[in-house]
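Chemist: If you scroll down you'll find the structure; I have some questions about it.
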Amino acid sequence: MMFSGAEILVKSLLEEGVDTVFGYPGGAVLEIYDALYKSPLRHILVRHEQGAAHMADAYARATGKPGVCFATSGPGATNLVTGIATAYMDSVPLIAFTGQVTCDLLGRDSFQEVDITGITLPITKHNYLVKNVENLAQTIKEAFHIATTGRPGPVLIDIPKDVSLKKTNFNYPKTVNLRGCPSFGPGDPKRIKEAADLIMAARQPLIYAGGGVIISGAHKELQELAELADSPVTTTLMGMGGFPGIHPQALGMLGMHGTKYANCAVCECDVLIAVGARFDDRVTGKLDEFAPQAKIIHIDIDPAEIGKNIQIDIPIVGDVKQVLHEINRKLEQKKHPEWQNKIARWKEEYPLRYENGGSLKPQYVIEQIYEVTRGEAIITTEVGQNQIWAAQFYKYNNPRSFITSGGLGTMGYGLPAAIGAKVGRPDKVVIDIAGDGSIQMNIQELATAVSNDIPVIVAILNNSYLGMVRQWQELFYDGRYSHTEISGPDFAKLAEAYGAIGMRVTKPDEVRPALEQAISANKVVVIDFVVEREENALPMVPPGGCLNRMLGG
Amino acid sequence: MRHILAVLVENNPGVLTRVTGLFSRRGYNIDSLTVGRTEDANVSRMTIVVEGDDLVLDQVTKQLNKLVDVIKINDITADEYVDRELVLIKVNADPAVRGEIMQIVDIFRARIVDIGRKTLMIECTGDEGKINAIIESLKPFGIRELVRTGKVAMLRGTKMTSLCDEKEKKDNEEEK
């Protein structure tokens, strides 16, 4: 039997086990949407293609399965770009399908034509322009393989309209043959032995865990390593939830907005075990003074991350879960009471704190969210102070419970991310911790949530500023608040206009009842928390500074 | 230090853009790049000459390896290799100086491939030093136009940059 390219696309997605796609129709994808009409695939119609990319991305982060989004050619495709770049920076398996003008119109500046494979070259793991329908199924098979294996990442497939129309036989390939796409195993046994020996010899070990732990599903192995080596664990923004936040050995986040005790531990550890992390500039601060006394073990699946930013003593390239399993087998139970005492003193001396006075504090709102949800919710964030406070004041005990744009730092990510996460994990309470600036970047997706009945909660920490930029202006630009005071609509009324529930909270004692009401409503809810305007996200390492010299630490 | 990379890539559309795009966005400098088909029609071979210290080379190699279309990379700089470049030079050649030019062409074992009313076109192959030398020698006559291919390079002996890894290893061992 012959099938059109569009039908082959839909059938291939079903073969890959895809249940939901996020997208927006248009001229070049009419065939594809016609095939969708008859298919069992769930399609979530977004209000802007950027929303579709973020939703598919967060669906992937929340479930571990690849996320899929559709857009038409030209502006539809370019609207995906920020979402694809976000997924690329955070190693998320995302497969984006874009329509394209017919093959005979390619390269002629046709209506709604854009070279989307050219545009997305530096922000995809790989991309394809499929000019022959015979290659479509094989291409899709390869795309899923590339997106999900090794270090995951986004793949884009551009399909000209005539290719989606042309018919051919359908046999979904069972295998891929990609010579340039290596697989990774448990790492070099010699290096693993060296690493285990070094960990056993350490007196002040520290584990620095990143998003790779979550992607690889290595949270159990990580905890085993930490407990065997009696090592404290600090996580990156992407690694939150990879190690239980309430564990006595947890130090929270390190780096620019990390805890002072985590940063002190980095400065004094003698062995640093970096697990699925990439020594990002927001983590290391001044490179020369990062972990100055430590021998560094770096475990990562991407060989290009080894030695990219920092000199490594023992590099191990491999799947984090398998590598940790191998290392753990070679360890014996260690105890480092002096080191633990030192850390306990730092924790006592420099706790995360804020002044809880009469006005409503954003940190208090997040603590209340943590308590009301008992730490069991999926939290998404926008970017800025809201993101930092959400990382500092909510304790993430499970992997895939904190979903944030870490690498690219995309404002407007949180709401579509919450929707995508809720679609993937309908059993979880999903809350977007937002700022009043960021939320306005993709607020149109409230309509998507309402019309598809996807009950997410948006908690806006509303200070009428672009708070993080204002904070930098206060600290480093003598308080010249250049264009950071920003107005917004009446968010509660706006929510109601979209058909959601809107609330406004101005006093501390209203926070908890509002949250409880929002959760029990099981509807789309927007809560406008009017918070202290000039609260700062502290402590903070000034840009380019050394980790343990923190402002407000 | 300059390194010569022999890079085998899938002969797919866009592969050159993927490779050069990677160099430009990560700030690596390409001295020269040549590309053409190999004994296998599905595989092209690039010879990339890149300037940088060991750290840069390490990153270049690793980042190139991440491209799905890149099959294999071999830094042949430290090995024994043959490298060649081809140059075409159109040089001013009034009848009075033609004899002198033809002598230079002989010295460099180059060839005259075209004659105009007032010019000669010269073809020369060789390593970079030889090419530079012939250009210098012809400069006094006035070079009107010049085009160089960039470097191609291949390992000497039975060592290979090919896809048959196993065979290569065996051959290398035999050679030792």
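Only the coordinates and a few stated rules stand behind these numbers; no lab work does. Nothing here was measured: the structure is a model prediction, and the numbers come from that model. Note: ideal-geometry Cβ built from the backbone for every residue, glycine included; neighbour counts use all protein chains shown.
Chemist: Starting from the Cα-Cα distance between residue A:517 and residue A:313, subtract it from 0.36 nm times their residue separation and give me the gain in nm to one decimal. Kindly include the intermediate steps, with their values, before the conclusion.
Modeler: Values: separation 204, 0.36 × 204 = 73.44 nm, distance 5.28 nm.
Extending this stretch completely gives an extra 68.2 nm.
Chemist: Of all alpha-carbon pairs in the protein assembly as shown, indicate the percentage at a distance above 47 angstrom.
Modeler: In whole percent, the long-distance tail amounts to 28.
Chemist: What value does the range A:125-201 have for Rg/Rh, both radii from Cα atoms and Rh as Kirkwood defines it? Could the numbers behind the result be given before it?
Modeler: Values: Rg = 19.0 Å, Rh = 15.3 Å.
Reported Rg/Rh, Kirkwood definition of Rh: 1.25.
Chemist: Here's another thing I want to ask about it. Using a basic spin-label model with each label point 7 Å from the Cα along Cα→Cβ, how many nm lie between residue A:497 and residue A:335?
Modeler: 6.5 nm
Chemist: How far apart, in nm, are two points set 7 Å out from the Cα along the Cα-to-Cβ line at residue A:138 and at residue B:31?
Modeler: Using points 7 Å along Cα→Cβ, the separation is 3.8 nm.
Chemist: To the nearest 20 debye, what is the magnitude of the charge dipole of the range A:189-349 about its Cα centre, counting +1 on the Cβ of each Lys and Arg and -1 on the Cβ of each Asp and Glu?
Modeler: In debye, rounded to 20, the range A:189-349 gives about 160.
Chemist: Give me the distance in nm between label points sitting 7 Å out from Cα along the Cα-to-Cβ direction at residue A:371 and residue A:533, one decimal.
Modeler: 2.8 nm
Chemist: Average partner chain C-beta neighbours within 10 Å, per residue of A:350-363?
Modeler: 0
Chemist: Looking at chain A, send over the antiparallel percent of its DSSP beta bridges, to the nearest 5. If you can, show how the numbers build up before the last one.
Modeler: Details: 5 of 67 bridges.
Taking every DSSP beta bridge within chain A, about 5 percent pair in antiparallel fashion.
Chemist: How big is the dipole moment of chain B about its Cα centre under a simple scheme where the beta carbon of each Lys and Arg is +1, that of each Asp and Glu is -1, and everything else is neutral? Debye, nearest 20, please.
Modeler: 700 debye
Chemist: May I pose another question? In degrees from 0 to 90, rounded to the nearest 10, what is the angle of the helix B:165-175 Cα long axis to the longest principal axis of chain B?
Modeler: Long axis of B:165-175 versus the principal axis of chain B: about 70 degrees.
Chemist: Further question on the same structure: What's the average, rounded to a whole number, of partner chain beta-carbon atoms within 10 Å of each residue's beta-carbon in B:60-71?
Modeler: 5
Chemist: Taking θ = phi - 60°, what integer Hz values does the Karplus form 6.51 cos²θ - 1.76 cosθ + 1.60 yield along the range B:119-132, in sequence order, with x for Gly and Pro?
Modeler: 3J(HN,Hα) across the range B:119-132, in whole Hz: 9, 10, 9, 10, 10, 9, 10, x, 7, 4, x, 5, 4, 4.
Chemist: How many Cβ atoms of partner chains, on average, are near each residue of B:6-14 if near means within 10 Å of its Cβ?
Modeler: Average per residue, whole number: 2.
Chemist: Return the calculated 222 nm mean residue ellipticity for chain A, to the nearest 500 deg cm²/dmol, obtained by summing -39500 (n - 2.57) across DSSP H runs with n ≥ 4 and dividing by the residue count.
Modeler: That calculation yields -10500 deg cm²/dmol at 222 nm.
Chemist: Can I ask one more? Magnitude of the Cβ-charge dipole of chain A, K/R +1 and D/E -1, about the Cα centre, nearest 20 debye?
Modeler: The calculation lands at about 880 debye.
Chemist: What is the sum of charges around residue A:526, taking Lys and Arg as +1, Asp and Glu as -1, for the other residues whose C-beta is under 14 Å from the C-beta of residue A:526?
Modeler: -4
Chemist: Sorting A:482, A:12 on the 10 Å Cβ count, fewest up front, what's the list?
Modeler: Lowest count first: A:482, A:12.
Chemist: Could the peptides A:353-359, A:205-211, A:84-90 be put in order, highest first, of the mean number of other beta-carbon atoms found within 10 Å of their residues?
Modeler: A:205-211, A:84-90, A:353-359
Chemist: What residues of the range B:127-146 lie in the reach of a label at residue B:88, counting those whose backbone N is under 13 Å from a point 7 Å from the Cα along Cα→Cβ?
Modeler: Those under the cut-off are B:145-146.
Chemist: In angstroms, what radius of gyration and Dmax does the range A:420-553 have, counting Cα atoms only?
Modeler: 17.0, 49
Chemist: Moving to a separate point now. Can you give the Kirkwood hydrodynamic radius for the range A:63-163, in Å, rounded to one decimal and based on Cα pairs?
Modeler: Value: 13.4 Å, from the Cα pair sum.
Chemist: Say R0 is 41 Å: what FRET efficiency, to the nearest 0.05, do residue A:478 and residue A:230 get from their beta-carbon distance?
Modeler: Given R0 = 41 Å and the Cβ-Cβ separation, E is 0.35.
Chemist: Follow-up question, since we're still on this one. GluC sites (Glu not before Pro) within the range B:58-167: which are DSSP loop residues with at most 13 other Cβ atoms inside 10 Å?
Modeler: B:80
Chemist: I've got another one for you. Taking R0 as 41 Å, what FRET efficiency do you get between residue B:132 and residue B:42 from their Cβ-Cβ distance, rounded to the nearest 0.05?
Modeler: Once rounded, the FRET efficiency stands at 0.70.
Chemist: So, by mean Cβ neighbours within 10 angstrom, what's the order for B:42-51, B:153-162 with the highest one leading?
Modeler: Highest to lowest by the protection proxy: B:42-51, B:153-162.
Chemist: Right, next: Within the range A:441-529, report the chymotrypsin sites (Phe, Trp or Tyr not before Pro) that DSSP leaves as loop and that have at most 15 other Cβ atoms within 10 Å.
Modeler: A:477, A:481
Chemist: Nearest 10 degrees is fine. How inclined is helix B:15-25 to the longest principal axis of chain B, computing both from alpha carbons?
Modeler: That works out to roughly 90 degrees.
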